[in-house]
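Enquirer: Quick one: structure below, then a few questions.
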Amino acid sequence: MSFKLTSHSLSPSLAGVLWLCVCCLLFASCDNVSCPLNNTVESVYGFYAANYDDAGDLITGRAVSVGDTITVTALGPDTVLANKLVNKNSVSLPVSFFNDEDVFVFRFADQEQRIAHDTIRVTKTNLRHWDDPSCPVHMWHTITSVRYTHNLIDTLIITNPTVNYDGLENIQIYFRTAS
């Protein structure tokens, strides 16, 4: 016994309509109007000089470029997040999706190769965020507190606790100054 294979094809007009529907669904599912292209969620750390007035209060707002070489790693796995930054006044660092705390180790090396480390612990809440139901989910965060060592860092100030993809500064790092 043999079987005869036959091919059934759609009429050209029906095939064209189906192809058009598939293309429309693909292109309409996620676009720049409903899904932003700049959707990287990073926390932004600005660098400032710690100066105090006569009353001993921190004078805020004087941004500085750090001349030392800065390398930032995540605590735990050997993950370099920012490598050998020089003369920078800020750094953007990724935020973990589900951890309640991120730990960053800042390594400073000066011209004489003297090394200093500071550790910053950022406690946060995580919130799933959708720009549109057709877009992928993003994780936004709210910084609730920071703890840090005081080797070169004098003070940290949370200036914007909301970490999303707007690129605004979230934390000001005030470094000790020679004066």
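Values quoted throughout were computed directly from the atomic coordinates according to the rules given, and no laboratory measurement underlies them. Here the structure is a predicted model, which means the values were calculated and not measured. Methodologically, a virtual Cβ is constructed for each residue, glycine included, from the backbone with ideal geometry; neighbour enumeration extends over all protein chains shown.
Enquirer: For segment 46-119, what class follows from the C-alpha gyration tensor (a ≥ b ≥ c being the square roots of its eigenvalues): rounded when a/c is under 1.5, otherwise prolate if a/b is larger than b/c, else oblate?
Expert: Values: a/c = 2.17, a/b = 1.40, b/c = 1.55.
Here segment 46-119 falls in the oblate category.
Enquirer: Here's something else I'd like to know. I need 115, 173 ordered by Cβ neighbour count within 10 Å, fewest first.
Expert: Values: 115 10, 173 24.
The fewest-first ordering by Cβ neighbours comes to 115, 173.
Enquirer: For the pair residue 63/residue 113, report the inter-label distance in nm, with labels modelled 7 Å from Cα in the Cβ direction.
Expert: Rounded to a tenth, the inter-label distance reads 3.4 nm.
Enquirer: Relative to the present Cα-Cα distance, how much length would full extension add between residue 40 and residue 168 at 0.36 nm per residue of separation?
Expert: Details: separation 128, 0.36 × 128 = 46.08 nm, distance 1.23 nm.
Answer, rounded to one decimal: 44.9 nm.
Enquirer: Per residue and in Å³, how big is the convex hull formed by the alpha-carbon atoms of segment 42-175? Mind dumping the intermediate values first?
Expert: Details: hull volume 15.9 nm³, N = 134.
Dividing the Cα hull volume of segment 42-175 by its residue count gives 119 Å³.
Enquirer: For segment 42-175, give me the percentage of DSSP beta bridges that are antiparallel, rounded to the nearest 5 percent. Display every interim value, and only then the final one.
Expert: On the way: 45 of 50 bridges.
Once the DSSP bridges in segment 42-175 are tallied, antiparallel ones form about 90 percent.
Enquirer: If eta is 0.692 mPa s and T is 37 °C, what Stokes-Einstein diffusion coefficient results for segment 40-84, Kirkwood Rh from Cα pairs, in µm²/s? Can you show the working numbers first?
Expert: Details: Rh = 13.3 Å.
This corresponds to a translational diffusion coefficient of 246 µm²/s.
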